[in-house]
Amino acid sequence: MSDLLSVTEVEHYTDRLFRIRTERPSTYRFTAGEFTMIGMGDDDINRAYSYTSGPYDEYLEFYSIKVPDGPLTSRLQHIQVGDMLEVGNRPTGTLTLANLELGGNLWMLATGTGIAPFISLLRDPDTYQQFDKIHVVWSVRTQPELLAYNDFLQELDIDYTPVVTQDPEWQELNQRITKMISAGVILGGAQPTTDKVMICGSMAFNTDVKDMLTAWGWQEGTRRAAGTFVQEKAFVQ
Ligand code: A2P
C-alpha cells in the first residue's frame with residue numbers, strides 16, 4: 001500500500017517548517033488537493049500529508065511542520081537527500097474540484113500548513129480552466145512562515161492575499177481570516193451562486209468558516225454530491 005521513494009530535495013524555512021521532494025514513479029497517480037500517508041519506513045508511525053506537487057509534476061512534494069517530540073516529525077525533520085520516504089499510494093480527500101460546483105470565483109482560505117493542498121491545485125492547469133478568478137488567502141503568524149510558497153503565489157495570475165497575524169513589522173493585513181470575513185474584508189459580496197470556497201486550516205478555523213458559510217446559504221460538497229464549499233483539516237498542525 002506504499003512505496004519507498006528516494007528523497008531528491010529537502011528545504012528548511014524556519015525552525016518549524018520544511019519541505020520534502022521525492023522521486024515519482026511513472027505509475028503514481030493522485031488528484032490535486034488530495035492527501036496520503038507518509039512514514040519513515042521503519043515503523044508503523046505514519047501521518048496524513050497533502051501533496052503540494054501538481055498532478056503532472058515529475059516529483060512528489062510535501063510541506064511539513066516540525067514538532068520537537070512529534071512521533072513522526074521529530075525524526076522526519078532530519079531526513080536527507082538520498083534517504084527513502086515511505087509514501088502511501090492510496091490518495092484520498094475531499095478538497096478536490098470533483099466535490100465542488102465549478103465556474104465563477106474560487107476562494108482558497110488557508111491557515112498555516114493548510115496551504116499545502118492549494119499549492120497542488122494551483123499547480124494543476126485544470127483549476128484555472130474551471131474558474132474565472134481565483135482568490136487565495138493564507139494566514140500565518142510571522143513573515144518567515146510564508147517563505148515556502150510566497151514567491152510562487154505572488155507570481156501566479158491570481159488574487160493572492162497573505163495575512164500575518166503576529167508580526168509587528170508586517171504592514172499588510174494582520175487580522176484573522178474569520179474576523180475579516182465577518183467584517184466583509186474577505187468574501188465581501190460573495191454569493192454561493194457565483195463564488196465557491198475551499199477551506200483548509202486548524203479544526204477551529206474550519207469549523208468557524210463552515211458555520212459562517214452554512215448560515216449564509218453555502219452547501220458543503222462531498223464525494224457524493226458537489227457543493228458550493230469544501231473543507232479539510234490541515235492534518236499536521
Ligand atoms: P493567530 O496568530 O491570531 O492565532 P497556527 O500557526 O497556530 O496554526 O496559526 C496559523 C494562522 O492561523 C495564524 O495567523 C493564526 O492566527 C490563524 N488562526 C489560528 N487559529 C485560527 C482560528 N480558529 N480562526 C482563524 N484564524 C486562526
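Quick check: anything in the range 191-203 touching a Lys or Arg at 6+ places or on another chain (Cβ under 6 Å) and within 15 Å of the ligand (Cβ to nearest atom)?
Looking for residues that are touching a Lys or Arg at 6+ places or on another chain (Cβ under 6 Å) and within 15 Å of the ligand (Cβ to nearest atom), one finds at least one in the range 191-203, hence yes.
Under 18 Å from MET180 (Cα atoms) and more than 16 Å from the ligand (Cβ to nearest atom): which single residue out of ASP126, ASP159 fits that description? Talk me through it step by step, then tell me what you get.
Working: ASP126 fails: under 18 Å from MET180 (Cα atoms).
The conditions single out ASP159.
Take the range 211-231 and flag every residue that is open to solvent by 20 Å² or more (accessible area, probe 1.4 Å) and away from the ligand (no atom under 15 Å from the Cβ).
THR214, ALA215, TRP216, GLY217, GLN219, GLU220, THR222, ARG223, ARG224, ALA225, ALA226
Please go through the range 159-185 and give me each residue that is under 18 Å from PHE229 (Cβ atoms) and touching a helix residue (DSSP H, G or I) at 6+ places or on another chain (Cβ under 8 Å), ordered by number.
The answer is ILE177, THR178, ILE181, SER182.
Looking only at the range 59-76, how many residues end up being farther than 14 Å from ALA32 by Cα and open to solvent by 40 Å² or more (accessible area, probe 1.4 Å)?
Result for the range 59-76: 5.
Looking only at helices (runs of 4 or more DSSP H) that fall completely inside the range 97-157, which ones have 1 or more residues that are within 13 Å of the chain's Cα centre (by Cα)?
Filter on the range 97-157 gives 116-122, 150-155.
Of the residues PRO168, PRO192, which is touching a Gly at 6+ places or on another chain (Cβ under 8 Å) and free of Cβ contacts under 8 Å to residues at least 40 places away in the same chain?
Result of the check over PRO168, PRO192: PRO192.
Under 6 Å between Cβ atoms, which residue pairs at least 6 apart in sequence (or on different chains) link something in the range 111-125 that is on the phi < 0 side of the Ramachandran plot with a partner that is away from the ligand (no atom under 16 Å from the Cβ) and in a helix (DSSP H, G or I)?
Between residues of the range 111-125 that are on the phi < 0 side of the Ramachandran plot and residues that are away from the ligand (no atom under 16 Å from the Cβ) and in a helix (DSSP H, G or I), the close pairs are LEU121/THR127.
Could you tell me which residue of the range 171-189 is nearest to the ligand (Cβ to nearest atom), considering only residues that are free of Cβ contacts under 8 Å to residues at least 12 places away in the same chain and in a loop (DSSP other than H, G, I, E, B)?
Checking each candidate, the answer is ASN174.
In the range 81-123, which residue that is within 16 Å of the ligand (Cβ to nearest atom) and of a type in the set (Gly, Ala, Ser) is farthest from ASN174 (Cα to Cα)?
ALA116
Name the residues in the range 162-210 that are open to solvent by less than 10 Å² (accessible area, probe 1.4 Å) and of a type in the set (Lys, Arg), would you?
LYS196
Please specify each residue of the range 129-156 satisfying the condition of being among the polar types (S, T, N, Q) and more than 16 Å from the ligand (Cβ to nearest atom).
Within the range 129-156, GLN129, GLN130, GLN154 meet the criteria.
Does any residue of the range 77-88 turn out to be in the same structural domain as ARG24 (by TED's automatic domain parsing), in contact with an Asp or Glu (Cβ under 9 Å, 6 or more places away or on another chain) and outside any strand (DSSP E or B)?
Yes; the residues of the range 77-88 include at least one that is in the same structural domain as ARG24 (by TED's automatic domain parsing), in contact with an Asp or Glu (Cβ under 9 Å, 6 or more places away or on another chain) and outside any strand (DSSP E or B).
The values are calculated or read from the model by the stated rules, or taken from the named source; none is laboratory data. Quick caveat: nothing in here was measured; it's all calculated off a predicted structure. Counting neighbours? That spans all protein chains shown, and the Cβs are built from the backbone with ideal geometry, glycine included. Quick note on the areas: whole protein, heavy atoms, side chains included, nothing else; ligands and nucleic acids left out. Shrake-Rupley method; radii C 1.70, N 1.55, O 1.52, S 1.80 Å.
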